[in-house]
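See structure below.
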Amino acid sequence: MEYQQSSQNTPLYQQVKDYINNRIAQGILISGMRIESEAELSKMLNASRMTVNRALRELTAEGKLRRVQGLGTFVAEQKLQSPLFEIRSLAKEIEERGGRYSCDVHLLREEEASPWLAGEMKIQVLSPVFHSIIVHKEDGLPIQLGCRYINPEIAPDYLNQDYTRITPSDYLIQQAPVTAVEHVVEALIAEQWIRELLLIDSFEPCLVLHRKTWSGEQVATVNTFYYPGTRYTLGGRFVPDDRGKLDIV
């Protein structure tokens with residue numbers, strides 16, 4: 001492969017970025033394709049590993065590349081999007097866009113409510129709660145880690161479901177209608193165990209959606225959903241009513 005360096009005034013890491021960006025623009029590298037390793041790029045472009053690493057980190061942060069721990073660096077696909085203010089089955093979303101849904105259940109058990117969780121759910125400290133941690137995948141790639149706490153009064157049989165056959169959202173909606181939802185979104189670098197389950201490296205941020213739901217007067221669930229920042233966005237569309245108030249559509 002030929003590599004022509006840019007102006008000497010251009011930092012070498014930027015030249016590496018330009019080289020990769022140009023290959024993407026020319027269609028030499030396409031979405032989902034694995035690019036050369038840091039060592040291969042370093043040798044090919046006569047640049048240090050540190051320089052190549054910086055270029056790859058910046059391209060990952062910009063959403064051009066995605067780095068999968070243990071597998072390598074890939075050209076990023078177009079980001080997926082979930083509705084911000086709706087509660088929908090992730091499996092149905094994936095199927096609607098032609099993907100294949102699967103999941104891994106990492107935790108499914110009864111626990112005692114901590115003081116923080118008891119306050120969030122308006123229950124007594126040490127009261128029983130159900131806790132699940134499930135990684136949801138599209139075409140085998142993790143796109144969401146869902147950490148849920150469920151009020152047993154809302155869904156007493158929650159722990160006995162096969163969540164490879166029905167998603168938690170689908171099951172919970174069947175058990176109790178949602179009458180109110182609270183959403184808070186933040187971006188952060190997730191803890192190591194979360195990064196490992198989502199197959200992301202220590203430089204990739206996560207979009208984190210904190211969701212609390214009510215059924216009637218009871219807090220039904222307290223949830224935290226982690227999305228790889230280079231693979232996912234959250235969005236919604238709003239239209240004003242005749243009073244200028246925004247309604248979700």
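Read-outs: derived from the displayed coordinates by stated rules, not from any lab. Here the structure is a predicted model, which means the values were calculated and not measured. Neighbour counts run over all protein chains shown; Cβ positions are idealised from the backbone, glycine included.
Spin-label point model (7 Å from Cα, Cβ direction): what's the Ser37 to Thr233 distance in nm?
Reported label-point gap for Ser37 and Thr233 is 3.4 nm.
Setting aside same-chain residues fewer than 8 positions from Lys64, which aspartates and glutamates have a Cα under 18 Å from its Cα?
Cα-Cα hits under 18 Å: Asp18, Glu36, Glu38, Glu77, Asp201, Glu204.
Would you mind ranking Cys206, Cys103 by Cβ crowding within 10 Å, fewest neighbours first?
In increasing order of surrounding Cβ atoms, one gets Cys103, Cys206.
If R₀ is 35 angstrom, what is the calculated FRET efficiency for the pair Val181 and Leu71, using the beta carbon separation as r and rounding to 0.05?
Efficiency computed from Cβ-Cβ geometry: 0.45.
When the chain is fully extended, how far beyond the present Cα-Cα distance does Glu120 get from Ser202, taking 0.36 nm per residue of separation?
Values: separation 82, 0.36 × 82 = 29.52 nm, distance 2.98 nm.
Roughly 26.5 nm would be gained on extension.
For the chain, report the translational diffusion coefficient in µm²/s to the nearest whole number, using Stokes-Einstein at 10 °C, 1.306 mPa s, and a Kirkwood Rh over Cα pairs. Numbers along the way, then the final one.
On the way: Rh = 20.4 Å.
The Stokes-Einstein estimate is 78 µm²/s.
Using Cα-Cα distances under 8 Å and only pairs 6 or more residues apart, what relative contact order does the chain have, in percent? The partial results should precede the final answer.
Working: 426 pairs, mean separation 44.6, N = 249.
Averaging sequence separation for qualifying contacts and normalising by length gives 18 percent for the chain.
Ranked from highest to lowest mean number of other Cβ atoms within 10 Å per residue, what is the order of the peptides 107-116, 56-65?
Numbers: 107-116: 12.9, 56-65: 18.2.
Put in order of decreasing packing, that is 56-65, 107-116.
Please identify, among Val208, Val184, Val129, the residue showing maximal mean-square fluctuation in a Gaussian network model of the chain using a 10 angstrom Cα cutoff.
Highest fluctuation of the listed residues: Val184.
For the stretch 12-75, what log10 I(q)/I(0) values come out of the Debye formula at q = 0.17, 0.20, 0.25 1/Å, with one point per alpha carbon and no solvent?
So the normalised log intensities are -0.50, -0.71, -1.15.
Give me the dipole magnitude in Debye, nearest 20, for the stretch 80-235 about the Cα centre, with unit charges on the beta carbon: positive for Lys and Arg, negative for Asp and Glu.
Working: 13 positive and 22 negative charges, 42 e Å.
In total the dipole reaches around 200 debye.
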